[in-house]
1. Give me the inter-chain shielding for C:41-49: mean count of other chain Cβ atoms within 10 Å, whole number please.
2. For a quick check, take a GNM of chain C with Cα springs below 10 Å and name the residue from C:Gly147, C:Gly161, C:Gly43 with the largest mean-square fluctuation.
3. Quick one: if you stick a label point 7 Å off each Cα along the C-beta vector at A:Gln9 and C:Asp195, how many nm between them?
4. Quick one: check the C-alpha center-to-center distance for region A:86-165 versus region C:38-94, whole angstrom.
5. Any chance you could give the angle, 0 to 90 degrees and rounded to 10, that helix C:192-212 forms with the longest Cα principal axis of chain C?
6. When the Cα centres of region B:149-223 and region A:239-271 are compared, how far apart do they sit, in Å?
7. Have a look at region A:169-202 and report residues whose accessible surface goes down by 30 Å² or more when the remaining protein chains are included, against the chain on its own, probe 1.4 Å, ligands and DNA/RNA excluded.
8. Cut-off 17 Å, label point 7 angstrom out along Cα-to-Cβ of C:Val113: give me the residues of region C:62-102 whose amide nitrogen falls inside.
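The values are calculated or read from the model by the stated rules, or taken from the named source; none is laboratory data. Since we're looking at a predicted model, the values are computed, not measured. Please note: Cβ atoms are built from the backbone with ideal geometry, for glycine as well, and neighbour counts cover all protein chains shown. SASA here: full protein model, heavy atoms, side chains in, ligands and nucleic acids out. Shrake-Rupley method; radii C 1.70, N 1.55, O 1.52, S 1.80 Å.
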Amino acid sequence: MGPLPLFPQEASSFAPDVDHLLYYLLAVAVFFTVGIFLTIFYFAIRYRRRSDKELPRFVHTGMTLEIVWSVIPFGLAMVMFTWGASIFFNEGRPPADAIPIYVVGKQWMWKLQHIEGQREIDELHIPVGRPVRLTMTSEDVIHSFYVPAFRTKEDVVPGRYSTTWFTPTKPGKYHLFCAEYCGTNHSRMIGWIYVMQPQDYQNWLNGGSASGSMADSGQKLFQSLACGNCHHPDGRGRCPSLVGLYGSDVLLSNGATVKADDSYIRESILQPDAQIVAGYQPIMPTFQGLVTEEGVVQLIEYVKSLGKPGPPVTATPQQVTAPHR
Amino acid sequence: MIRIELLTPNGHLFSSDTYNKLFTMHGVVMIFFFLIPSIPAVLGNFFLPLMIGARDLAFPRINLLSWYLLVIGGLFAIFAMLAGGVDTGWTFYTPYSTTYSNTWVIATALGIFVAGFSSILTGLNFIVTIHRMRAPGMTWFRMPLFVWAHYATSLIQVLGTPVLAVTLVLIFCERVFHIGIFDPALGGDPVLFQHLFWFYSHPAVYIMILPAMGVISELISVYSRKPIFGYSFVAFSSVAIAVLGFLVWGHHLFVSTQSFFAGMVFSFLSYFVAIPSAIKVFNWTATLYKGSISFETPMLYAFGFIGLFTIGGLTGLFLACLGIDVHVTDTYFVVAHFHYIMVGGAIMGYLGGLHYWWPKMTGRMYPEGWAKLSALVIFLGFNLTFFPQFILGYLGMPRRYHTYPSEFQVLHVLSTAGASVLAVGYIIPVIYFIWSLRYGAVASSNPWGATGLEWRTPSPPPVQNFEKIPVVTHDAYDYSTTIGEVIEVG
Amino acid sequence: MASEAHAETLALREQFDTAAQQKDVATLGMWIFLITEVMFFGGMFLAYTVYRSSYPNVFARASSSINVYYGALNTVVLICSSFTMVLAVRGAQLGKRITTIVFLGLTLFLGLVFLGVKAFEWGEKFHEHHVPGPGFHLAGVPPGLQGQAQLFFSLYFAMTGLHALHMVVGAGLVITMMWLTYKGRFTAEYMTPIDITGLYWHFVDIIWIFLFPLLYLVDRHMGK
């Protein structure tokens, strides 16, 4: 038997926020629980039945009382709501300079990639003090990425990207759990997060056996799948150029405009016919089954590496591509 | 209870597969075949007509049909269990349940589907009965609160269960024909399932707790010989809970890639449910004020209910709170929370009601001493089992884990010890209830000095409930008319 | 609801005080049952709405591929059957046995016509490879989006299938009513089961009135 911990470690910038909110909720909960218990005890003893013939007086319902004890809890609850929502709001907004990490969940393991190219299974090394943004998807069923010490959790859903982020504040080794039931070995789908000093992290990055950055791997994949046959960088191919695509607004054949983010690029690879860029024919075959989820994120990184938005995405003059935002 | 026993060691007793099947069956059986039907089917069927002065429910044959359906549904579930079990969890999340699980999902889903119809028919029967079968003088605001609670419950059953049914039909089609409604590979959306599922299953929680609240309202009033404080508030809070219950399903999905805005709305609405719940607790407590309180077993259960429901309800606020929920959802915190509501609430209410009406149903008294002892044991065992789970949850122990890191062990051991105590607490009543059928003291028509119509007919009641349909002239819980007067029987 | 249809006698069943109460109770029960049916189909409609808005183009394309004339024909047939149903109920209210049986018969006939057309339409789908499964193919939809088109047909079959199932139940009820009327179980004073069967029939009819535009008509002009 181990020690008896009563409170989890606080190891991310969210942890203190969440815990402070918890103290408030605990205070309210304890106040009402104790209050009600004591009142019941007091009434039960004070007004116990003394004779069988006893008939208590009728006490009229007090309207004021009813309103008071509806409004006060409501007020307290609204404080909880606002406070909780503001934390949730922050949790949903990763800062722009966050370190991107790609996560693929699979029965029953976590596969993680750094953009520098390091790949890890059930382990994640990150530096202390810098925000980390996770882009996650699943190869099979729904999983959930949960790090109690960071107070973060987000479901990992097949067929789409979900994101979450955190800033670790204390070096150390923390549990990573899968929190959405995912089959036989759900309880073994756990791993460790290593939060390191920046220097150690740099050493770790350099010391790894990474075979080039994610963008490099993406480029290799891009070549081996012969994507370049159509997607010419100068836009003269049968398909749109990918240079400067990432983050830009793309005009589609049905007149709508979408932002070229991770989900858009993923969909364009796996279901190319779903959204056709204006001025092009739906000739691209699907790569569903040919590229793994990990490969897809490498391709995305490669597309990202082709430049930020600025120059027009498409070459043909009648296509209008609005500049970024 | 069985499943806590295997939680102690680091999972040497069973394989992970077995463990997953066990907790799934525990969830399915407890929720769909015990908690949902328990109070309505046993106490509701028996007492609802009695309490409003009707000879029977509006559709006795439909009632019988719903009983058969429940049995058939149960047989399907038992078949699934014997044939090899299911390992999807009672929530059947897609795509695991539709594509990846190799177990008996269809049989179980079919069982729940059939049992669902039983639930729909019961609800339908209650609503019609309450609308059309009340005795002369039994106006809406003279109805006992037990009846009000059942009315609210029936509304949920009638409106919510069909959605579960259609969801299960889709699961069924998906598994058999692979049509792709929830399969992302074919363009389906696995999270849509969660929306449909929780649209029923959150209100289903209120199907389980509302009847128990109704029972508690009866008990508190009888054993303090006072009308319920704020009768109309308590009555309407039941309906309010039923209605609001349909608007908050999204709070199960805060971390399911739901949009921030949706999360906000559902969190906000969830807090509204807290208000009618708080109103009930405060009004019950206020009823005690200047009452004449006696401590028979049902009253002990009522006290237990209020205490545990308060804890369960307040921890619900933690879960409705976005910032905290992200951390504690899908952990033992949730497990503890819903056991406080379901076991601490619904089962305490069921046991309280069963003791209270036992003399009426069987014509025999249960042994008071043993009953008080078991009530105490259950209360203590329950808290020992589930309170440590709150701490475990905040520490980050995820639910549905067969094995777990060693730092959680102390609390798990405590919890397991509590479960054994709880088990003893549940066995005692089973024994003495059976014993009392034969050897219990013969009960009078109104052993508690209560006011309800069900106490104005012999124990047990005749086939037609009343020899002459009573005419109601007073509000519910009007003790000035019963105490000290001879109550005419029949 | 079949259990109410067993109207053995004119006699009041033991739990009721008056005949009016008994009729009232039965009608209210049916209405509540219909509410549960609305919720039941509601889940399907929700799933349909979600996917329709996710994949508007493919759904519009798939929707144009199904034959609107069959759908329209069936709509007319059902509306007529509702009319004959009303006449049957009216006949029963007036205590005219023959009229009641004739119009129930007409209703039944129209219901069967509906099912026949439906069966024919489904059969055609098999020929066109529009049935979800390994052989599924919808012309005019790019290969990558066949899955989404299949989704439309899954929903199409699930929704019309459930509706057809309700039609079959309705036909069963109508046959029972014809038999009971023939046996002289009903009088002008007591014809609740016929009344209730009528309610059910109209409800199933109305579901179709929603299904028809949703599956056949919306966005038909697109993708032609």
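1. Working: counts 2, 5, 13, 6, 1, 6, 11, 0, 0.
Shielding by partners across C:41-49 averages 5.
2. C:Gly43
3. About 7.3 nm, to one decimal.
4. Between the Cα centre of region A:86-165 and that of region C:38-94, the gap is 45 Å.
5. That works out to roughly 10 degrees.
6. Measuring centre to centre over Cα atoms gives 39 Å.
7. A:His175, A:Phe177, A:Ala179, A:Glu180, A:Tyr181, A:Thr184, A:His186, A:Ser187, A:Arg188
8. Answer for region C:62-102: C:69-88, C:102.
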